[in-house]
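Here's the structure we're looking at; comments come further down.
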Amino acid sequence: MSKIEEVKAKVEAGKSKLVPGLVQEALDAGIAPAEILQAMVDSMSVVGDKFSAGEIFVPEMLIAAKAMSKGVEVLKPLMAGDSSSSLGTCVIGTVAGDLHDIGKNLVSMMIESTGFEMVDLGVDVSADAFVEAVKNNANVKLVACSGLLTTTMPAMKEAVQTIKAAFPDLKVIVGGAPVTPEYAAEIGADGYAPDAGSASVKAKALVTV
Amino acid sequence: MLTKRQNLLETIHGGKPDRFVNQYEFLNIIMETPTGIEFRYGETWKDHWGITWQWPEGQLGMFPVHHDGLAVIQDITEWQKFVKKPEIVTSDEAWAPAVAHANAVDRNEEYVAGFFAPGIFEMTHHLMGMENALMALYEEPEAMQELIDFLLSYELEFAQVMIDKIHPDCIFHHDDWGSQLSSFVSPEMFAEFFLPAYKKIYGFYKANGVELVVHHSDSYAANLVPDMIDMGIDIWQGVMNTNNIPELIKEYGGGISFMGGIHSGLVDFPAWTPEIVAEYVEKTCRDNGKQYFIPCQTSGLPIDNFQGVYETINKEIDRMSKELF
């Protein structure tokens, strides 16, 4: 197995203690940092697909994301200033009145693994706080709004519409248990995803069209 | 006409019920049980384990919070440093309301249901946050097993007190094991960490007078049903329609019964109407049949978030009983 294939396999298997060493070995073997990063992104894409298909579960996705982040730590000093592999910044949060964070955190990890810089605003985020975060962070290409309660769907609608009013060209993706594709379209979101794996696919698709 | 209890037994044993079991009617839940759980609307507080909770005003429930160093367990390998077993209340005075309630129940008609929540799985993530708890199952399995054993010992000690005080013939136990789309952990991981603990808990109750184990998990968990049967669950309450309930009944009916199918998020929401409830109840009753199935909202107590929903579901189930029996 080539070094790059080994990195991919260990990221997918969530071997966070092994991945940094393997990434270093790949670098030592002369493989470009961008190529190694892409290999890890590809691995996480496989992980996301397997999660969406019900073949793996949340712990497997979490440890894979952690393994990748350990690998990225090795690459980061070598890629400083190289924005070619970045998809931009994604601002993410759970909408006002809602304190659920598990789904939002999983989506954040998976979107990050596709190549976004993440700005996580946490839970109970007001519409105005989303807008402020877009203003205060560089290169924001996507906003992701999460909500798990039927009672906070109006807050999601307000968040999406406030963001779109301030930044008409900015892409907004939404998700959470009560959210449907129809509801996402109705409130003016650009995208919807039913789970963390497909959220990362959709996020990338939204900013690369 | 069968009593509620007889009708329940006919339903879960594949006999001849004379109507649908109507939601929680067979369970007389002893909510006065001093579990230490508090429901403090609009407040932030610490519970008896040191877990910080918030219940925002205007919202449907309370949430454990772990940010800003609030998680009880900061490092799973040192969990003993952080987790202290709460005192289990045993005084007659503290249990008096629960005992009075239990004594007032007609056991020929209804079950005296001891209540316990949250279960082992939820406790692990309440103590340290979901991501940390789930990753620790891979990264520090021995420490997690120790923590689970510790939580199990607390549950068993509490069970002994509850049995002595109210002599329940049913236990209604909450532990959410999945999202609406999947179980949180794989069946293999569940079998390794959680099945053995639950075999001990439910085995203990059944060895001490409990005839019926009702477990609440309002989620997908079809892949865990064999383990549910193995651990002694008689009724899985909260089964969402994201599980293929008719298929589950066909495959596992007789080993376990399914209580749910009426997704609370789809009927108990701000813009609910009696017509929406009627439609879902009718579909649920027609799709899932009369044996091994109890039509019920998926939420884990006989209450509603929006006034009138629970009673409307009851009324519609009665209507379907008249129509289909």
GNM on chain B, Cα springs under 10 Å; top mean-square fluctuation among B:ALA100, B:ALA159, B:ALA221 goes to B:ALA100
Average partner chain C-beta neighbours within 10 Å, per residue of B:58-64? 4
Comparing each residue of segment A:143-182 in the complete protein assembly with the chain by itself (heavy atoms, probe 1.4 Å, ligands and nucleic acids ignored), those losing at least 10 Å² of accessible area are A:LEU149, A:THR150, A:THR151, A:ALA177
Segment B:1-52, relative contact order [Cα under 8 Å, separation at least 6], %: 23
Could you compute how much accessible surface B:HIS167 exposes when probed at 1.4 Å, giving the result in Å² to the nearest 10? 110
Range of Cα positions in segment B:93-179 per principal axis (Å), largest first: 49, 27, 18
Rounded, prolate or oblate: which fits segment B:1-71, taking a ≥ b ≥ c as square roots of the Cα gyration tensor eigenvalues, rounded meaning a/c under 1.5, else prolate when a/b beats b/c? prolate
Over the protein assembly as shown: helical MRE at 222 nm, DSSP H runs n ≥ 4 each giving -39500 (n - 2.57), nearest 500: -15000 deg cm²/dmol
Taking a probe of 1.4 Å and leaving out DNA, RNA and ligands, the protein assembly as shown shows per residue an accessible area in Å² of 41
At R0 = 25 Å the Cβ-Cβ FRET efficiency linking B:GLU247 and B:LEU181, nearest 0.05, sits at 0.90
Out of segment B:1-106, which GluC sites (Glu not before Pro) are coil in DSSP terms and have no more than 14 other C-beta atoms within 10 Å? B:GLU38, B:GLU43, B:GLU57, B:GLU87
I'd like the residues of segment B:184-215 whose 1.4 Å-probe accessible area shrinks by no less than 30 Å² going from the isolated chain to the full set of protein chains. B:PHE184, B:SER186
Inter-chain Cβ neighbour average for residues A:56-65, partner chain, 10 Å: 6
note: chain B, Cα-Cα separations exceeding 28 Å make up a percent value of 41
At a 1.4 Å probe, which residues in segment B:257-271 are at least 10 Å² less accessible with all protein chains present than in their chain isolated? B:GLY265, B:PHE269, B:PRO270
If contacts are Cα pairs under 8 angstrom and at least 6 residues apart, what is the relative contact order of segment B:169-213 in percent? 66
Filtered GluC sites (Glu not before Pro), segment B:202-251: DSSP coil and at most 14 other beta carbons within 10 Å: B:GLU211
Test of the criteria: in segment B:256-319, which GluC sites (Glu not before Pro) are in a DSSP loop and have at most 10 other Cβ atoms within 10 angstrom of their Cβ? none
At the nearest 100 Å², what buried accessible area, both sides summed, do you get for B and A when the probe is 1.4 Å? 2100
Can you tell me what share of the DSSP beta bridges in segment B:125-278 is antiparallel? A percent to the nearest 5 is fine. 5
Pairs of Cα atoms under 8 Å, at least six residues apart: use those to get the relative contact order of chain B, whole percent. 19
Accessible carbon and sulfur surface of the protein assembly as shown relative to its total accessible area, %, 1.4 Å: 52
Near the amide H of A:GLU117, under 5 Å away, which other amide H atoms are found, from residues 5 or more places off or on another chain, if H is placed in the peptide plane? A:LEU87, A:GLY88, A:THR89, A:CYS90
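The values are calculated or read from the model by the stated rules, or taken from the named source; none is laboratory data. Everything numeric in this text was worked out from a predicted model, so none of it was measured. No Cβ is skipped: glycine too gets one built from the backbone with ideal geometry, and neighbour counts run over all protein chains shown. We work out accessible area using only protein heavy atoms, side chains counted, and drop any ligands, DNA or RNA first. Shrake-Rupley method; radii C 1.70, N 1.55, O 1.52, S 1.80 Å.
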